[in-house]
Amino acid sequence: MLDSALLPLANSRVRLRALRLDDATAFAEGTDDPDVRAYGHLPESEYTPESVKTMIERDARPGLERGDLAVLAIADADTDQFTGSLVLFDVTEPSAEVGFWLHPRHRGSGMAAAALDLAARFARDSGLTRLTARTTEDNVASQNVLARADFARTGAGSDIAPSGARIRLLHYARSIDTVS
């Protein structure tokens, strides 16, 4: 299980922390981006500030308290402003799956790879030994981010995304026995 007491975590680029209600507007704006809609495969088809606040109260906070779901904010290390979201889900004894997206204004900044490094530290310090990830074959940007964050491609296949859609996905994994 994930240990929420380890949060927030930070490095020189980002802070990984629990979502706050004041993140709701930026979260909703980010999910309205065409690339997030195309590649994020988020559980909801549309997000508003109010629906994000409901999701935080109904899903994110209880999941983090239980340790089986972490819907987190990727925040700027200097300003603590919301820049994207990282989710750890399907948590089992040895592993968890990670998904992420960045607001369009912050893409290409190295923030996603930096957030994945923090997610690996969070998972390792919570007692896990492996992170997995999936992305679509045409999402080259996420493939590159995963490679920069030391994820190795492990296969491909048709699978169910968090949105419930059946899609062709590339599978990745990262051992987190040790994290730099």
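Out of all the residues in the range 152-167, which are polar (S, T, N, Q) and either under 16 Å from Met111 (Cα atoms) or touching a residue at least 24 places away in the same chain (Cβ under 8 Å) (or both)?
Answer for the range 152-167, where residues must be polar (S, T, N, Q) and either under 16 Å from Met111 (Cα atoms) or touching a residue at least 24 places away in the same chain (Cβ under 8 Å) (or both): just Ser163.
What do you reckon, is Ala149 in contact (Cβ under 8 Å) with a residue 12 or more places away in the chain, out of contact with any His (no Cβ under 9 Å at 6 or more places or on another chain) and either within 20 Å of His103 (Cβ to Cβ) or of a type in the set (A, V, I, L, M, F, W, C) (or both)?
yes
Looking at Arg121, Arg107, Arg134, can you tell me which residue is under 15 Å from the mean Cα position of the chain (by Cα), closer than 19 Å to Leu42 by Cα and surrounded by fewer than 19 Cβ atoms within 10 Å (Cβ to Cβ)?
After applying the criteria, what remains is Arg107.
Among the residues of the range 1-20, count how many are assigned to a strand (DSSP E or B) and within 26 Å of Asn139 (Cα to Cα).
Adding up the residues that qualify gives 4.
Tell me which residues, restricted to the range 21-44, are without any contact (Cβ under 8 Å) to a residue 60 or more places away in the chain and not in a helix (DSSP H, G or I).
Matches in the range 21-44: Asp32, Glu44.
Out of the residues in the range 61-94 that are among the hydroxyl-bearing types (Ser, Thr, Tyr) and touching a residue at least 40 places away in the same chain (Cβ under 8 Å), state the one that is farthest from Tyr47 (Cα to Cα).
Thr83
With the structure loaded, tell me whether Val52 is in contact (Cβ under 8 Å) with a residue 12 or more places away in the chain, assigned to a helix (DSSP H, G or I), surrounded by 21 or more Cβ atoms within 10 Å (Cβ to Cβ) and touching a Phe, Trp or Tyr at 6+ places or on another chain (Cβ under 8 Å) or whether it fails that test.
yes
Read the figures in this text as sums done on the coordinates, not as results from a lab. Keep in mind that what you see is a predicted model, and the values were worked out from it rather than measured. Note: ideal-geometry Cβ built from the backbone for every residue, glycine included; neighbour counts use all protein chains shown.
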